[in-house]
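Coordinate-derived values only; no laboratory data. Note that this is a predicted model, so its numbers are computed, not measured. Cβ: placed from backbone, ideal geometry, glycine included. Neighbour counts: every protein chain shown.
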Amino acid sequence: MRILVTEDDAALAEALQFSLTQAGYAVDWVTNGAAADEALKDDVFGLVILDLGLPKLDGFEVLRRLRRRNAPLPVLILSGREKPEEKVQALDLGADDYLVKPFSLSELQARVRALLRRGQGGAALVISYGGLSLDTIGRTVSVNGTTLPLSVHEVGVLEILLYRFGRVVSKEQLVEQLYSYDSDVGYNAIEVYVHRLRKKIEGSGLNVRTVYGRGYLLEQRAASPIQ
Ligand code: CA
């Protein structure tokens, strides 16, 4: 899942970036509203964290333009101001949640998780297929109750495939959702993650199938006579 952080306070932005990256999200950071407006036109983000007081274009205007394009992605507002009318204005413009600075990173994480769950149509905290379960909060995967040793990126790939179970996901889509703009990791890394993931989930009854020229899909492994 890719998150856009729009924040001109470098220290805060770096803390957000670190905390969210640790939690397994891909994070892009822009320092002004005009850059946020441009980045959001790409439609690759699962959520945006938006400061209100920004150079070039303020957070209200970024939000207004985003909603004018009918972009549905969740918006979490950060504000240094505690004026109630600004909160009302931001929510009326289509913000989904609002945090007043200073806030704790654990509260921010919890609100991000809640918004992303809602963005997935109120998806369950745990996504299960057959014997495999992915805990979207703890970022762990288990098969029949045994936790698998998956890396952060392998969990990320699996999560995307699970949300689109039975449908093809292209490498481009995986790269876009897993990595940030400034990351130099590309398609080769995706192939490596998928290869490892496929091996690690072998006992789950699920398989990551390569659809040549199109991408990958997660499916039930063909029924085996021995279980
Ligand atoms: Ca600011």
For this session: Using a 10 Å Cβ count of at most 16 others and DSSP loop calls, identify the longest part of the chain lacking such chymotrypsin sites (Phe, Trp or Tyr not before Pro).
Result: 1-102
Problem set entry | Span per principal axis, largest first, for the Cα atoms of region 1-136 (Å) | 50, 31, 28
Problem set entry | Cα-based convex hull volume of region 56-186 per residue, rounded to whole Å³ | 155
Problem set entry | For region 76-96 versus region 41-74, the gap between their alpha-carbon centres in whole angstrom | 13
Problem set entry | Relative frequency of Cα-Cα separations exceeding 25 Å in the chain, percent | 43
